[in-house]
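Below is one structure, written out as structure tokens; comments come after it.
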Amino acid sequence: MSLRILHVFDHSLPLHSGYTFRSANILRQQRRMGWETHHLTSPKQVNCTVAEEEADGLRFYRTPPPKGLATRLPVLNQWALMRATEARLLEIARRLKPDLLHAHSPLLNAYPALRVGHSLGIPVVYEIRAFWEDAAVDHGTQAEGGLRYILTKALETRAVRRADQVVTICQGLRNDLIARGIPADKIGVVPNAVDAEAFVLGGQADPALRERLGLAGRRVLGFIGSFYAYEGLDLLLRALPIMLEQDPDIRVLLVGGGPQEANLKAQAQALGVADKVVFTGRVPHGEVSRYYDQIDLLAYPRHSMRLTELVTPLKPLEAMAQGRLFIASDVGGHHELIRDGETGLLFKAGDVQALARRALEGLNLPDQGETLRRNGRHYVETERNWAATVANYRAIYGRALGRAL
């Protein structure tokens, strides 16, 4: 049955992030299902001054940033963002007359959608990809258990109660909402996935790039992405001296950047391994695969905290799609994706000795991890593809609309 959906996003393509890639894949798959999708971004779309914009075949309505004193004051600036989103959403919803509003986290998008939905009599689905209060704790903007944290969590729970249906990206988030008293039949799960066909299986390392990086003749552990504290890259550096005792040819390749970059460089110096760690900085998106090919074993050593225990990341799925070998900490978000010894190797979160031991095991697998690589690729092809996961919206939307789709 044809369905017109108006999505509300924090930001979108052409910006590149796990958030924008998930959004784009959802939209493309919903269109393949015969649904009509329209798309609005909040004022947080960076460097955007147009009212509408096309990116990778998808057209997005943009929200102009708010102006005035409120935008420069704490708390009030968040209220100003929501008011701006609400005004733009109301204008577009009146014009398009959608069957459904689908607001994607953070909750700054939920409240404008709820107000507009209530005003126009349109059901609202709220999708949570991470709890805003938990993400803010890691990014250093508020303390867990502090007043702002408590208020943010209360606002999140209130938005969930008011929405017609709720979507989470994993069971960890769903279980947390159920523990808050939200009825289980109100919460659907649409897991993260990948388009396996869009990922090329890992190739041979470019010898010229390997030489330029100083990695010729070395065995390489690596990470590609943003350097946030929760990623646990500090643990990887702490484990490096232990691994070097067993194999002096091991090196660590860190590709990307972020809030922890300076701290990680200082830590490498303090540990006496600065000459064994290569920081490339951010590289163009089209060049990323060349750097992946330099890495013998990817590392995802996330720390255990609410965010990582509850939320499943995309990176391990992308690694599987590329037929890569990887190790990861046994936080809940990884446990939900990775079958230890079958599609990847898990180690006890926060345990530097366990990380070093499992990394050495991964580097020394007799078949170079071919069995794990093959199993991982099969897993994403058969279970974690977008066609399979986006199909879950059919039942969720049906419940919000009160009719079968």
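The values are calculated or read from the model by the stated rules, or taken from the named source; none is laboratory data. Note that this is a predicted model, so its numbers are computed, not measured. Cβ coordinates were reconstructed from backbone atoms using ideal geometry, including for glycine residues, and neighbour counts include every protein chain displayed.
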Identify, please: which residue in the stretch 176-197 is surrounded by 16 or more Cβ atoms within 10 Å (Cβ to Cβ) and small (Gly, Ala, Ser) and is, among those, nearest to Arg161 (Cα to Cα)?
Gly188
Is it the case that the stretch 156-174 has a residue that's under 21 Å from the mean Cα position of the chain (by Cα), assigned to a helix (DSSP H, G or I) and in the same structural domain as Ile327 (by TED's automatic domain parsing)?
no
Residue count for the stretch 205-251, restricted to those that are of a type outside the set (D, E, K, R), over 16 Å from Ala328 (Cβ atoms) and either outside any loop (DSSP other than H, G, I, E, B) or not assigned by TED's automatic domain parsing to the domain that holds Leu355 (or both):
14
Quick one: how many residues across the stretch 177-194 are in contact with a helix residue (DSSP H, G or I) (Cβ under 6 Å, 6 or more places away or on another chain) and charged (D, E, K, R)?
1
Please specify each residue of the stretch 23-57 satisfying the condition of being farther than 17 Å from Ala103 by Cα, touching a residue at least 60 places away in the same chain (Cβ under 8 Å) and in a loop (DSSP other than H, G, I, E, B).
Met33
Lone unmet requirement of (1) in contact (Cβ under 8 Å) with a residue 24 or more places away in the chain; (2) more than 30 Å from Leu100 (Cβ to Cβ) for Ala388:
(2)
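From the list Gly398, Gly350, exactly one residue is in contact (Cβ under 8 Å) with a residue 24 or more places away in the chain and either closer than 30 Å to Arg4 by Cα or surrounded by 14 or more Cβ atoms within 10 Å (Cβ to Cβ) (or both). Which is it?
Gly350
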Residues within the stretch 14-42 that are more than 16 Å from Val390 (Cβ to Cβ) and surrounded by 22 or more Cβ atoms within 10 Å (Cβ to Cβ), tallied:
3
If I filter the stretch 198-226 down to residues being closer than 28 Å to Ser304 by Cα and at pLDDT below 95, which single residue comes out as surrounded by the most Cβ atoms within 10 Å (Cβ to Cβ)?
Gly225
Residues (in a loop (DSSP other than H, G, I, E, B), more than 16 Å from the chain's Cα centre (by Cα) and charged (D, E, K, R)) located in the stretch 275-334
Arg282, Asp293, Asp296, Arg324, Asp330
In this structure, is Ala84 farther than 16 Å from His102 by Cα and in a helix (DSSP H, G or I)?
yes
Go through the stretch 1-13 residue by residue and tally those that are at pLDDT 95 or above and either outside any strand (DSSP E or B) or not hydrophobic (A, V, I, L, M, F, W, C) (or both).
7
Does Thr371 qualify as being over 23 Å from the mean Cα position of the chain (by Cα) and either without any contact (Cβ under 8 Å) to a residue 60 or more places away in the chain or closer than 18 Å to Tyr292 by Cα (or both)?
yes
Inside the stretch 107-155, the number of residues satisfying the requirement of being assigned to a helix (DSSP H, G or I), modelled with pLDDT under 95 and small (Gly, Ala, Ser) is 3
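Determine if the stretch 380-387 includes at least one residue that is surrounded by 14 or more Cβ atoms within 10 Å (Cβ to Cβ) and charged (D, E, K, R).
Within the stretch 380-387 (the criterion being surrounded by 14 or more Cβ atoms within 10 Å (Cβ to Cβ) and charged (D, E, K, R)), the answer is yes, since at least one residue qualifies.
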Taking the stretch 349-391, which residues are touching a Leu at 6+ places or on another chain (Cβ under 6 Å), of a type in the set (Gly, Ala, Ser) and either closer than 13 Å to Ala319 by Cα or in a loop (DSSP other than H, G, I, E, B) (or both)?
Gly369
Would you be able to say whether some residue in the stretch 311-330 is closer than 25 Å to Gln171 by Cα, touching a strand residue (DSSP E or B) at 6+ places or on another chain (Cβ under 9 Å) and free of Cβ contacts under 8 Å to residues at least 24 places away in the same chain?
yes
